[in-house]
Amino acid sequence: MDLVLLLGATPYFCFVVIIISGLLFRQKLSNEYDQDLPFVSVVIAARNEEKNIANLLDDLITQTIDKNNFEVIISNDRSEDETGKIINEYSRKYEFIKYIQITKKKDMASKKYALEQAIKDSKGEIILATDADCRVSKNWAISMANLVNKTNKVVIGYSKIKSKTTLINEIQKIDFLGIMASNGGLLTNGIICSGSGQNLAYKKEDFFRIGGFEPVKDKESGDDMYIVQAISKLKGAVFNYDENSFVSTSPKKTILGYINQRIRWSSNSKLTLFTSPLFFCFLVSAFIANINILISLIISLRITSILFFIKLLLEAIDATIEGMRESGKSKPIFLKMSPDEKNSTIEDIIDVSLSKKLDAIIVSNTTIERPKSLKNNYKYENN
């Protein structure tokens, strides 16, 4: 039984190793931005966001992107507070901010309908999406738009939880870190995963090529996962590791709100069975690994310790790597090699190092074999 439990968790551990390798050997992006871009539209669905929407709009009016080639469209989805009034004030002051009022609930999930109306009303060739309770840096729009323009793929951006010193906040920060690390690491290795509607970018034409939100109009959530999965099947996807593209979002205030959010997200996982089978296998493997740990608590404390240690170790490495990426404290990766390798071996090592984007190769003074004149008799090296 012990062996069965260990084998049951093995697929998940393999996926975590894949994620770690993807984070370590990710493609490095240039921080130089091209201002010569197609028209860019930011779309936002807002409902009862009077406490947050002004902060986001303040961030958007300071964007470094060319404002003559840029617009922000906010769909006010039947808000019952001052959200509409705040948006209207900004739209009067800034020409590139547009206000759409949603008055009736249509035959589509409310957020999807609000977003689709904003996209239909947009002038942009490139669509950027975020949520009304998010904060963005001044280079967010130009970073995301540049990557869409260069790759012609759907771009998944990094999202993090705003810092607050509470237990529920710290739990969500770690959870979000794991989700983003999984997205980035898997995607680097060619496994199309998910994304967050807090930070996405794609071509407007691709949105309508997949039928807009019509194929998933009855589902209350999952608009972000659907867009990533559907557009990536057409053109592929890429993760934006540029720190300027990072978005911060507000945490859920209560444990119950946090759990309900995760249940809502999990309800869309079955969609990936057909759109991204490998990602579906990752989700299933994670579920089985956690179930095995729970079963082992009853059957074998020794196996519980082994499974939990392996899971904790791999996820800690995963989170540490991604945490360093987030904080800008990423460590350079060097390869140390001996000076007496064959020329053909040296060439192979250099080729692999360049392809994996290592930061440097160090040729040490440690040889594979020591000359006899340097051998130490006290260590019996002459024997």
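I need Tyr226, Tyr202, Tyr158, Tyr33 ordered by Cβ neighbour count within 10 Å, fewest first. Spell out each step's value before the answer.
Details: Tyr226 22, Tyr202 28, Tyr158 25, Tyr33 17.
Listed from fewest to most nearby Cβ atoms, that is Tyr33, Tyr226, Tyr158, Tyr202.
Placing a pseudo-label 7 Å from each Cα along the Cα-to-Cβ vector at Lys253 and Asp36 gives an inter-label distance of 5.0 nm. Below 11 angstrom from the Cβ of Gln198, what's the summed charge of the other residues (Lys, Arg +1; Asp, Glu -1)? Around Gln198, the charge tally is -1. Couplings 3J(HN,Hα) for the range 57-66, derived from phi with the Karplus relation 6.51 cos²θ - 1.76 cosθ + 1.60 (θ = phi - 60°), are 5, 4, 5, 6, 6, 9, 4, 7, 5, 4 Hz, where x marks Gly and Pro.
Once you've got the Cα coordinates, tell me which of Lys120/Lys162; Lys98/Lys204; Lys111/Lys138; Lys120/Lys203; Lys120/Lys160; Lys106/Lys235 are over 21 Å apart. Let's see the in-between values first.
Numbers: Lys120/Lys162 31 Å; Lys98/Lys204 17 Å; Lys111/Lys138 26 Å; Lys120/Lys203 13 Å; Lys120/Lys160 29 Å; Lys106/Lys235 30 Å.
The answer is Lys120/Lys162; Lys111/Lys138; Lys120/Lys160; Lys106/Lys235.
Quick one: Met144, Met225, fewest Cβ neighbours within 10 Å first, how do they rank?
Numbers: Met144 31, Met225 24.
By the 10 Å Cβ count, ascending: Met225, Met144.
Averaging 1/r across all pairs of distinct Cα atoms in the range 102-160 and inverting the result yields a Kirkwood radius of 13.4 Å. When Leu186, Leu200 are sorted by how many other C-beta atoms sit within 10 angstrom of their C-beta, beginning with the fewest, the order is Leu186, Leu200. Say each of Lys150 and Arg78 gets a label point 7 Å from the Cα, pointing the same way as Cα to Cβ; how far apart are those two points in nm? Modelled inter-label distance: 4.3 nm. Residue by residue, the range 40-47 carries 3J(HN,Hα) couplings of 10, 10, 9, 10, 9, 9, 10, 9 Hz when phi is fed to the Karplus relation 6.51 cos²θ - 1.76 cosθ + 1.60 (θ = phi - 60°); x denotes Gly or Pro. Sequentially through the range 148-156, phi angles give Karplus couplings (6.51, -1.76, 1.60; θ = phi - 60°) of 4, 5, 6, 9, 6, 10, 6, 10, 9 Hz, Gly and Pro residues having no value and appearing as x. Between Lys123 and Lys162, the modelled label-to-label distance comes to 3.1 nm, taking each label 7 Å out from Cα in the direction of the beta carbon. Please give the FRET efficiency for Glu95 paired with Asn189, using the beta carbon to beta carbon distance and R0 = 45 Å, rounded to the nearest 0.05. Step by step, r from the Cβ atoms, then E = 0.55.
Here, each number is a calculation from the coordinates, and none is a lab measurement. These figures come from a predicted structure and were not determined experimentally. Cβ coordinates were reconstructed from backbone atoms using ideal geometry, including for glycine residues, and neighbour counts include every protein chain displayed.
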